[in-house]
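The values are calculated or read from the model by the stated rules, or taken from the named source; none is laboratory data. Computed from a prediction, not measured in an experiment: that's the story for all the values here. Positions of Cβ are backbone-derived with ideal geometry, glycine not excepted, and every protein chain shown enters the neighbour counts.
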Protein chains: 2
Amino acid sequence: MDILEASQRLELLGQSVIPFSLGEPDFDTPECVKEVCIKAIRDNKTKYTHSQGIIELREAIAAHYLKKYGVTVHPDQIIVTQGTSPAFFLLFSTLLGKKKEVILPNPHYPCDSNFVEFLDGKNIFVPVIEKESYQWDTQKVAQKIGKQTAALFVTSPSNPTGTVLKREVLQKLANLSVPIVSDEIYHGLVYEGQEHSILEFTDNAFVVNGFSKTYAMTGFRLGYLIAPQKYIRPLQKIQQNFYISANSFVQQAGIAALTQAGPDCERMRQEFKRRRDVMLVGLKKLGLKISYQPEGAFYIFVDVSHLSKDSYKLAFDILEQAHVAVTPGIDFGSRGEGHLRFSYATSIEKIEEGLDRLGRYLCNFKSLR
Amino acid sequence: MDILEASQRLELLGQSVIPFSLGEPDFDTPECVKEVCIKAIRDNKTKYTHSQGIIELREAIAAHYLKKYGVTVHPDQIIVTQGTSPAFFLLFSTLLGKKKEVILPNPHYPCDSNFVEFLDGKNIFVPVIEKESYQWDTQKVAQKIGKQTAALFVTSPSNPTGTVLKREVLQKLANLSVPIVSDEIYHGLVYEGQEHSILEFTDNAFVVNGFSKTYAMTGFRLGYLIAPQKYIRPLQKIQQNFYISANSFVQQAGIAALTQAGPDCERMRQEFKRRRDVMLVGLKKLGLKISYQPEGAFYIFVDVSHLSKDSYKLAFDILEQAHVAVTPGIDFGSRGEGHLRFSYATSIEKIEEGLDRLGRYLCNFKSLR
């Protein structure tokens with residue numbers, strides 16, 4: 001956030017800043033989604049809906065999970081939320097409480113651990129390392145499991161690493177017989193192999209997903225939670241009290257995304273893949289060592305500890321000297337220190353320009369003041 | 001909620017149910033609001049926004065409070081939220097903690113006390129009674145204030161009573177020098193006299209307001225919080241973590257509501273006034289005693305303790321026998337018991353039909369099984 005604000009200040013001063021820090025697609029929302037949303041507004045679909053969301057959207061979500069992953073989800077198991085954040089709030093409100101623990105990777109997306117802490121839970125971190133392509137070490141996970149363990153918190157493709165967890169890793173995690181919270185928001189943005197839903201391996205899982213990333217719908221604020229049936233009633237009560245329902249016409253747009261936007265998503269995915277390749281090759285050419293393959297999302301996590309141990313200071317220096325905004329690794333936990341996250345959610349032209357600027361910066365780099 | 005579900009079951013069986021239980025306007029959203037929302041979608045305003053909301057909307061909110069109440073609010077003091085529920089969540093997350101107390105009226109809107117409890121606060125109730133037109137007794141409030149008091153929670157016009165708090169009552173509450181949380185969501189729906197914002201009397205206040213009721217925009221999910229400047233940074237951090245931002249194009253619609261929808265709001269307000277008059281006269285004609293003037297919102301709170309002390313049972317009996325859905329008073333706290341809440345957010349025709357059905361029900365009424 002500090003980097004973002006400093007970057008905005010620079011831009012107000014007339015400087016062009018290359019945004020390798022973005023957490024949202026730069027693409028416009030697919031036309032078919034926009035048109036359905038507009039029609040719903042014209043048709044006066046502007047009232048509260050069922051607290052779990054309109055049945056047509058929940059059916060479309062269930063159909064999507066059946067078609068893509070071969071898993072059966074009942075529409076009653078789905079709660080539509082205003083983005084994925086409220087979905088996490090709902091599920092952790094229900095799962096957590098004093099002394100309950102959630103096992104999550106280090107590095108990880110910072111909001112994840114913030115949710116757990118806010119809801120009186122305790123974060124237990126399992127290191128994931130570049131040498132192992134940031135895959136979870138399931139033996140280490142097993143050692144952390146105890147009576148207090150409420151859930152494992154899995155994000156694949158991962159933010160900040162872009163790692164897609166392997167089928168066998170997910171299977172082993174599922175075999176640990178602990179509830180799994182699976183953030184599947186970057187599903188659909190995978191460039192090699194195939195992503196798997198946790199539901200292929202266990203029913204003892206909470207899936208959080210949404211429309212922001214794959215469908216370029218961040219501003220719509222639409223997400224959903226799939227939960228085991230026995231949790232639905234308590235989850236619904238919190239939803240009723242804290243959110244009432246998701247936006248009515250935006251829910252209609254969600255149906256269009258799932259049923260009509262496939263070709264748009266494929267076009268965006270192909271473009272992300274091109275960008276990733278350009279950025280990955282470019283960063284390596286600059287002498288940065290990247291020994292793993294970031295297969296999904298739109299992030300590359302780069303070890304820069306030879307330049308500085310202080311990723312926050314380094315990110316600020318790069319912003320000020322090179323006018324390139326990157327995210328300091330320390331934002332993603334202690335094991336993110338000494339790293340920078342590069343986002344390729346921007347055009348090839350900007351990626352090339354940003355790489356040029358970084359190249360000049362690195363040529364002149366001696367050490368940080 | 002139980003009544004709502006039972007009512008939906010009856011309708012699925014082909015029964016017509018008169019909805020005196022609605023908590024949202026039955027009017028369509030004003031065309032000018034819908035058109036601006038549609039234009040924003042076409043213009044691809046579909047990305048995350050500033051976590052506090054777009055500056056143009058916050059400026060329009062500030063201008064609205066200046067024009068309507070003569071109070072100065074800086075746009076930086078405003079956080080735009082997805083409906084008012086997240087605004088309450090933000091402010092109580094910041095204000096509360098172990099042993100902190102919130103003073104609120106009994107009867108009151110049930111979500112209010114649920115928020116306080118969920119966030120580890122304690123609800124302290126002050127009775128408000130029909131003989132005093134459900135105005136707060138400020139002496140009784142003063143007696144409840146202590147070191148643990150985090151806030152007074154004021155809703156005017158009130159749900160469930162429709163009472164508009166008098167200027168002098170608000171002034172006296174402000175003089176108590178305790179932070180006031182003021183739910184102003186029903187402002188604009190006042191049929192006698194004039195509603196006042198708490199900000200006319202004190203800056204030590206958190207105002208929650210939104211677009212759902214006055215602008216008939218429930219399904220848009222758009223609200224806002226006005227807070228003292230010193231609380232903004234912690235509030236914003238929770239907003240960033242738990243919500244990211246409100247829907248981007250819906251925020252544009254909010255600007256249209258504030259700047260263009262005045263005539264639509266006045267038309268709806270006049271119609272609500274007509275409905276209230278028909279319902280108030282009608283209920284009295286049925287022999288129900290209503291000794292106060294419900295001046296705002298779209299609710300009348302009626303003492304039916306001569307029929308039954310069990311408002312839940314009574315509401316169910318009325319639904320089953322007369323096919324009229326009303327809300328049991330017990331939903332609004334212990335002092336709501338023996339009462340029913342009648343909502344007039346439905347057409348004059350339905351109000352008249354509902355009154356007819358109630359008349360027949362009461363004629364045959366002996367006592368509840």
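Residue under question is residue A:338, and the condition is that it be in the same structural domain as residue A:10 (by TED's automatic domain parsing), closer than 27 Å to residue A:131 by Cα and under 23 Å from the mean Cα position of the chain (by Cα); does it hold? Steps first, please.
On the way: in the same structural domain as residue A:10 (by TED's automatic domain parsing): yes; closer than 27 Å to residue A:131 by Cα: yes; under 23 Å from the mean Cα position of the chain (by Cα): yes.
Considered against the rule, which asks whether it is in the same structural domain as residue A:10 (by TED's automatic domain parsing), closer than 27 Å to residue A:131 by Cα and under 23 Å from the mean Cα position of the chain (by Cα), residue A:338 comes out as yes.
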> If you scan region A:83-111, which residues turn out to be within 10 Å of chain B (Cβ to nearest Cβ) and either out of contact with any strand residue (DSSP E or B) (no Cβ under 7 Å at 6 or more places or on another chain) or in a helix (DSSP H, G or I) (or both)?
Replying inline: A:84, A:85, A:86, A:88, A:89, A:93, A:110, A:111
>> Which count do you get for residues in region B:35-44 that are in contact with a Phe, Trp or Tyr (Cβ under 7 Å, 6 or more places away or on another chain) and either of a type in the set (S, T, N, Q) or closer than 9 Å to residue B:252 by Cα (or both)?
In response: 2
>> Where the second residue is modelled with pLDDT of 95 or more and in a loop (DSSP other than H, G, I, E, B) and the first is closer than 12 Å to residue A:176 by Cβ and lies in region A:189-205, which pairs have Cβ atoms under 6 Å and are six or more apart or on separate chains?
In response: A:204/A:179
> If you go through region B:26-36 one residue at a time, do you hit one that is part of a loop (DSSP other than H, G, I, E, B), within 14 Å of chain A (Cβ to nearest Cβ) and of a type in the set (Asp, Glu)?
Replying inline: yes
>> I'm trying to understand the selection: among the residues of region A:178-209, which are of a type in the set (Ser, Thr, Tyr) and crowded, with 23+ Cβ neighbours inside 10 Å?
In response: A:182, A:186
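Residue by residue, here is whether (1) modelled with pLDDT under 95; (2) over 30 Å from residue A:328 (Cβ atoms); (3) among the aromatic types (Phe, Trp, Tyr); (4) not assigned by TED's automatic domain parsing to the domain that holds residue A:95 holds:
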{"site": "A:123", "(1), (2), (3), (4)": "no, no, no, no"}
{"site": "A:128", "(1), (2), (3), (4)": "no, no, no, no"}
{"site": "A:138", "(1), (2), (3), (4)": "no, no, no, no"}
{"site": "A:153", "(1), (2), (3), (4)": "no, no, yes, no"}
{"site": "A:168", "(1), (2), (3), (4)": "no, yes, no, no"}
{"site": "A:171", "(1), (2), (3), (4)": "no, yes, no, no"}
{"site": "A:175", "(1), (2), (3), (4)": "no, yes, no, no"}
{"site": "A:178", "(1), (2), (3), (4)": "no, yes, no, no"}
>> Looking at B:3, B:103 in this structure, which one is within 24 Å of residue B:156 (Cβ to Cβ), touching a Ser or Thr at 6+ places or on another chain (Cβ under 8 Å) and of a type in the set (A, V, I, L, M, F, W, C)?
In response: B:103
> Can you find even one residue in region B:61-82 that is modelled with pLDDT under 95 and in a loop (DSSP other than H, G, I, E, B)?
Replying inline: no
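Listed here are the residues, each with its yes/no results for (1) within 19 Å of the chain's Cα centre (by Cα); (2) polar (S, T, N, Q); (3) buried (at least 21 other Cβ atoms within 10 Å of the Cβ); (4) farther than 28 Å from residue A:42 by Cβ.
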{"position": "B:34", "(1), (2), (3), (4)": "no, no, yes, no"}
{"position": "B:46", "(1), (2), (3), (4)": "no, yes, yes, no"}
{"position": "B:72", "(1), (2), (3), (4)": "no, yes, no, yes"}
{"position": "B:97", "(1), (2), (3), (4)": "no, no, no, yes"}
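Yes/no matrix, rows are residues, columns are (1) closer than 30 Å to residue B:42 by Cβ; (2) buried (at least 21 other Cβ atoms within 10 Å of the Cβ):
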{"site": "A:1", "(1), (2)": "no, no"}
{"site": "A:22", "(1), (2)": "yes, no"}
{"site": "A:41", "(1), (2)": "yes, yes"}
{"site": "A:107", "(1), (2)": "no, yes"}
> Does any residue of region B:157-177 turn out to be within 14 Å of chain A (Cβ to nearest Cβ) and crowded, with 19+ Cβ neighbours inside 10 Å?
Replying inline: yes
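Residue check: is residue B:229 in contact (Cβ under 8 Å) with a residue 60 or more places away in the chain and more than 13 Å from residue B:77 (Cβ to Cβ)? Let's see the steps before the verdict.
Details: in contact (Cβ under 8 Å) with a residue 60 or more places away in the chain: yes; more than 13 Å from residue B:77 (Cβ to Cβ): no.
No: the conditions fail for residue B:229.
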> Is it true that some residue in region A:75-91 is among the aliphatic types (A, V, I, L, M) and over 22 Å from residue A:212 (Cα atoms)?
Replying inline: no
> What are the residues in region B:37-49 that are at the interface with chain A (Cβ under 9 Å from one of its Cβ atoms) and assigned to a loop (DSSP other than H, G, I, E, B), if any?
Replying inline: B:44, B:45, B:46, B:47, B:48, B:49
> In the set B:214, B:202, which member is farther than 20 Å from residue A:221 by Cβ and in contact with a Gly (Cβ under 9 Å, 6 or more places away or on another chain)?
Replying inline: B:214
>> For region B:338-369, which positions are within 19 Å of residue B:22 (Cα to Cα) and either free of Cβ contacts under 8 Å to residues at least 60 places away in the same chain or small (Gly, Ala, Ser) (or both)?
In response: B:340, B:343, B:345, B:347, B:349, B:354, B:356
> Are any residues in region B:241-262 within 16 Å of residue B:58 (Cα to Cα) and touching a Cys at 6+ places or on another chain (Cβ under 7 Å), and if so, which ones?
Replying inline: B:249, B:250, B:252, B:253, B:256, B:260
> Would you call residue A:54 modelled with pLDDT of 95 or more, within 13 Å of another protein chain (Cβ to nearest Cβ) and either under 18 Å from the mean Cα position of the chain (by Cα) or buried (at least 19 other Cβ atoms within 10 Å of the Cβ) (or both)?
Replying inline: yes
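Determine, yes or no, whether residue A:61 is more than 14 Å from chain B (Cβ to nearest Cβ), among the β-branched types (Val, Ile, Thr) and out of contact with any helix residue (DSSP H, G or I) (no Cβ under 6 Å at 6 or more places or on another chain).
Values: more than 14 Å from chain B (Cβ to nearest Cβ): yes; among the β-branched types (Val, Ile, Thr): yes; out of contact with any helix residue (DSSP H, G or I) (no Cβ under 6 Å at 6 or more places or on another chain): yes.
So residue A:61 fits the description; yes.
Could you tell me which of the residues A:238, A:255 is outside any loop (DSSP other than H, G, I, E, B), among the β-branched types (Val, Ile, Thr) and over 21 Å from residue B:244 (Cβ atoms)?
Details: A:238 fails: over 21 Å from residue B:244 (Cβ atoms).
Result of the check over A:238, A:255: A:255.
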> Does residue B:216 satisfy the criteria of being within 14 Å of another protein chain (Cβ to nearest Cβ), crowded, with 24+ Cβ neighbours inside 10 Å and on the phi > 0 side of the Ramachandran plot?
Replying inline: yes
>> Tell me yes or no: at least one residue of region A:27-46 is modelled with pLDDT under 95 and within 25 Å of residue B:219 (Cβ to Cβ).
In response: no
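Being acidic (Asp, Glu) and under 21 Å from the mean Cα position of the chain (by Cα) is the requirement here; does residue B:24 meet it?
Details: acidic (Asp, Glu): yes; under 21 Å from the mean Cα position of the chain (by Cα): yes.
It is true that residue B:24 is acidic (Asp, Glu) and under 21 Å from the mean Cα position of the chain (by Cα).
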>> Can you tell me which condition residue A:239 does not meet? The list is (1) within 30 Å of residue B:110 (Cβ to Cβ); (2) in contact with a Phe, Trp or Tyr (Cβ under 9 Å, 6 or more places away or on another chain); (3) within 14 Å of another protein chain (Cβ to nearest Cβ), and all the others hold.
In response: (2)
>> Would you confirm, using the coordinates I've provided, whether residue B:288 is part of a loop (DSSP other than H, G, I, E, B), over 23 Å from residue B:25 (Cα atoms) and either acidic (Asp, Glu) or not assigned by TED's automatic domain parsing to the domain that holds residue B:184 (or both)?
In response: yes
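Would you say residue B:250 is modelled with pLDDT of 95 or more and outside the structural domain of residue B:333 (by TED's automatic domain parsing)? Outline the logic, then answer.
On the way: modelled with pLDDT of 95 or more: yes; outside the structural domain of residue B:333 (by TED's automatic domain parsing): yes.
So residue B:250 passes the test.
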